[in-house]
């Protein structure tokens, strides 16, 4: 098993957080893992992205040139990465923001209304957790329990009050797939 994922969106949409969660959960499940964030002008509202590799065999290089999946949270990210996905791969689209449909017929498209669900839950910042839930449910690469444990580890101390909201966002995303 080897999953190569590119996650992309505007800075502040939580794509780095999704990637880090996937990587940490992969380590927890004894997988070989690579997480490579891309920083730069995205900190000022441009497109941010990172790549994650999850594998049951050693990873020779952390480069992802033809991902098995992409997770795109904004339209520029879909335009930039849609053509890179391997035939037979999957594209996860934040359909709250991206009204365009995936143009390729050799990949599977999963449309997730992340922002709409996050607003329904009362906090637009959990849209990334909605997408994480959809990805985990569709890919089945990681155990839900492991992701839930990562959420508990992320939010401690004063932030522990955010755990139920993030868990609900994760579950709502999973229910869509």
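Rule-based calculations on the coordinates, nothing more; no lab input. What you see is a predicted model; the values in this text were computed from it and never measured. Virtual Cβ from ideal backbone geometry, glycine too; neighbours counted across all protein chains shown.
Below, the figures for the structure above:
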item: Cα→Cβ-extended label distance, 7 Å offset, between residue 80 and residue 61, nm; result: 2.1
item: For the chain: span of alpha carbons on each principal axis (Å, largest first); result: 41, 37, 33
item: Pair residue 125, residue 146: separation of 7 Å Cα→Cβ label points (nm); result: 2.7
item: Potential lengthening between residue 159 and residue 111 on full extension [0.36 nm per residue; Cα-Cα distance subtracted]; result: 14.3 nm
item: Hydrodynamic radius (Kirkwood) for segment 1-84, which is based on Cα pairs only, to one decimal in Å; result: 12.8
item: Peptides 97-103, 60-66, 71-77, 116-122 ordered by average Cβ neighbours within 10 Å, highest first; result: 71-77, 116-122, 97-103, 60-66
item: Contour excess over end-to-end distance, with Cα ends at residue 2 and residue 104 and 0.36 nm allotted per residue; result: 34.5 nm
